[in-house]
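Structure first, then comments.
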Amino acid sequence: MLRHSAQQQKDQYSFQARSKLEATKLQLDEQLNTQLLMLQETAMKHTKMLEDKSAALTLDYQSRKANEDLQVRQIQLQTQFVDNERKLQEEFQRQQQESAAPAPTEATEKP
């Protein structure tokens, strides 16, 4: 009977210890899940922040690139305009010189 009573106490203590251990395990699992959720939320916020920053930088780059392309095109057009104006001026001067020079006549050509 003493052994039976001792076995019951031992079983009861073992059951209480397992119950306490299981409760502690559940509590730790809950803490782990809470911390994991917090980390995931933080990671999502950080990812969104980086994506927003990336989008803003991309837009800024595209805007600056478009402005630079526009400036390059304006310079090209100005250069082309100046070159064409210079060519016209040279042609005009050549024509002026040709009209100011006396045209050779048949009489002056014969010796």
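Rule-based calculations on the coordinates, nothing more; no lab input. As the structure is a prediction and not an experimental result, all values here were calculated from the model. FYI the Cβ positions are ideal-geometry reconstructions off the backbone, even for glycines, and counts take in every protein chain you see.
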*the chain: Cα Rg divided by the 2.2 N^0.38 Å rule of thumb*: 3.61
*asked:* Taking the 0 to 90 degree range and rounding to the nearest ten, how far is the long axis of helix 2-100 tilted relative to the main principal axis of the chain, both from C-alpha atoms?
replied: 0
_Cβ charges +1 (Lys, Arg) and -1 (Asp, Glu), total dipole of the chain, debye_ = 1280
*aspartates and glutamates near residue 25 by alpha-carbon distance under 15 Å, same-chain residues fewer than 8 away left out - which ones?*
none
*Give the calculated FRET efficiency between residue 85 and residue 61 to the nearest 0.05, with a Förster radius of 41 Å applied to their Cβ-Cβ distance.*
0.70
_Most positive-pole-ward Cα, 78, 54, 9, against dipole of the chain from beta carbon charges_ = 9
